[in-house]
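Here's the structure, in structure tokens; my notes come after.
Coordinate-derived values only; no laboratory data. In this text, all values refer to a predicted model and were calculated from it rather than measured experimentally. When we count neighbours, we look across all protein chains shown, and the Cβ atoms used for this are built from the backbone with ideal geometry, even at glycine.
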2 protein chains.
Amino acid sequence: MEAYKVIQVKQSVFANNDADAEKLRHQLKDQKTFLLNLMSSPGSGKTTTLMRTIALLKDEMKIGVMEADIDSDVDAKTITTSGVRAIQLHTGGMCHLDADMTRQGLTEFGTQDLELVVLENVGNLVCPAEFDTGAVKNAMILSVPEGDDKPLKYPLMFSICDAVLINKIDTLSVFDFDMDAVKARIKKLNPNAEIFPVSARTGEGFEAWAAWLRKEVKEWTQS
Amino acid sequence: MEAYKVIQVKQSVFANNDADAEKLRHQLKDQKTFLLNLMSSPGSGKTTTLMRTIALLKDEMKIGVMEADIDSDVDAKTITTSGVRAIQLHTGGMCHLDADMTRQGLTEFGTQDLELVVLENVGNLVCPAEFDTGAVKNAMILSVPEGDDKPLKYPLMFSICDAVLINKIDTLSVFDFDMDAVKARIKKLNPNAEIFPVSARTGEGFEAWAAWLRKEVKEWTQS
């Protein structure tokens, strides 16, 4: 197990977050690092999903994880047990990360040698959707217990994500969750979204998700 | 079924939200209306919990519900089927309500004749915790599928709530959720918090929660 740092990121002073995010993406392109911004509600299974994803990909590429939270370091602690590097970012009460806060994390982390960095954003379906972090791709997790109406209530989040994982499908029999309806609601908001029904507990569906991520990382780091 | 209005609440111009919230509480005291601010993550079961609560209390007191969401009116539509009055507030992308936004909702709603108004806040464990809405009491729902580590990650929310409902206890056998650990974590942050394990699906635990709410409403409206 590796140790991990806990750092406090400070609110950005940049007025134009979009331009700053674009600049960060160029820097990441130059150093051949793919940054994935992973978002969801609290408790949808981001960390468990990451553990499965890391297990599938860590022999093929160098991976690092930045865990962002208001408080606590339980997630960074968990991630280090997977054998990849992790850092815990504390946002000082902020409900999201912007591009400069992400850059502060990347700089402290040291990402020159990493091909895939996953930013686990603050658990929140509202604020993180409004701020481009500089990530190459956005992904989100909706978990079955949260309900199939979430795309109706949080449309911006579903609109800006390139991939939507529908997690905890091993509990479908316990909840009223209409998979076809949720897929249709997501596609209506975002026709290009890739949707992956998965169970981070059983591993079901992870091959398709890992294949998508593998392809995206290759395209970014090798082109 | 009653009809319901959908209104757009605008961001407050008041610099001092705390003072404005205190003023709103005085107004509510004068008109003998108890306002409960109900918060949680997206998908923890706020609306289903409200439906059960309404069924238990609606013959004893006049109840109204203000549903706040970024978008959609699915919740207000559901609530009206319970036979109480509802209004849908749209926050225009805002991740929380403050006291003035709450007042805008109350004014549009017309609450003079109501003894209990429940404000279902935006699904979010971060931002709503930072803004006093003017409610008499704060309650939150943590659902079992979200995990028992949430008090560690979102301490402010758990600190400011008078009552914490732990919902979906009918799914305890499906998830790794340590009820004793979560209770200890909540009590450490907030020794006075009342904790109610419930299942909005089966009704288990609702008598204790309804008894607490009944007592609070009576103390506020009759003293």
Exercise for the section: Taking each label point as 7 Å beyond Cα in the direction of the beta carbon, state the distances from A:S173 to the same residue in the other copies, shortest first, in nm. Expected result: 1.1
Completion exercise
The correct pairing of chain A residue and whole-Å distance, for the Cβ nearest the axis that maps A onto B, is A:P145, 2
Handout entry: 5 angstrom amide H check on B:N167, placed H, neighbours 5+ away
Key = B:L142, B:S143, B:V144, B:V198
Handout entry: In order through the stretch A:51-56: 3J(HN,Hα) via Karplus (6.51 cos²θ - 1.76 cosθ + 1.60), integer Hz, x for Gly, Pro
Key = 4, 5, 5, 4, 4, 7
Completion exercise
Mean-square fluctuation maximum in Gaussian network of chain A, Cα pairs under 10 Å, restricted to A:G43, A:G134, A:G64, hits A:G43
Problem - Label point 7 Å beyond Cα along the C-beta direction, distances from A:D30 to other copies (nm, shortest first) - result: 6.2
Practice task
Find the eigenvalues of the gyration tensor of the Cα atoms of chain A, then list the square roots of 5 times those eigenvalues as equivalent ellipsoid semi-axes, largest first, in whole angstrom.
Solution key: 26, 19, 17
Practice task
May I ask you to evaluate 6.51 cos²θ - 1.76 cosθ + 1.60, the Karplus curve with θ = phi - 60°, for each residue of the stretch A:122-131 and list the ³J(HN,Hα) values in order in whole Hz, giving x for glycine and proline?
Solution key: 4, x, 4, 8, 9, 5, x, 5, 8, 10
Exercise for the section: With a ≥ b ≥ c taken as the square roots of the eigenvalues of the C-alpha gyration tensor of the stretch A:8-129, please select rounded if a/c is under 1.5 and otherwise prolate if a/b is larger than b/c or oblate if it is not? Expected result: oblate
Problem - For the stretch A:64-171: rounded, prolate or oblate by the Cα gyration tensor [a/c cutoff 1.5] - result: prolate
Practice task
Could you run the Karplus curve 6.51 cos²θ - 1.76 cosθ + 1.60 with θ = phi - 60° over the stretch A:68-83 and give me ³J(HN,Hα) per residue in whole Hz, x for Gly and Pro?
Solution key: 9, 8, 4, 7, 6, 10, 4, 6, 4, 4, 5, 4, 4, 6, 7, x
Practice task
State the Cα centre-to-centre distance between the stretch B:191-209 and the stretch A:26-60 in whole Å.
Solution key: 37
Fill in the blank from the handout: The FRET efficiency for B:K58 and A:K32, from their Cβ-Cβ distance with R0 = 51 Å and rounded to 0.05, is 0.25
Problem - chain B - percent relative contact order, Cα under 8 Å, separation 6 or more - result: 26
Fill in the blank from the handout: Inter-copy distances for A:K58, label 7 Å out on the Cα-Cβ vector, sorted ascending, nm, one decimal, are 5.3
Handout entry: Computed over the protein assembly as shown, the ratio Rg/Rh where both radii use C-alpha atoms and Rh is Kirkwood
Key = 0.97
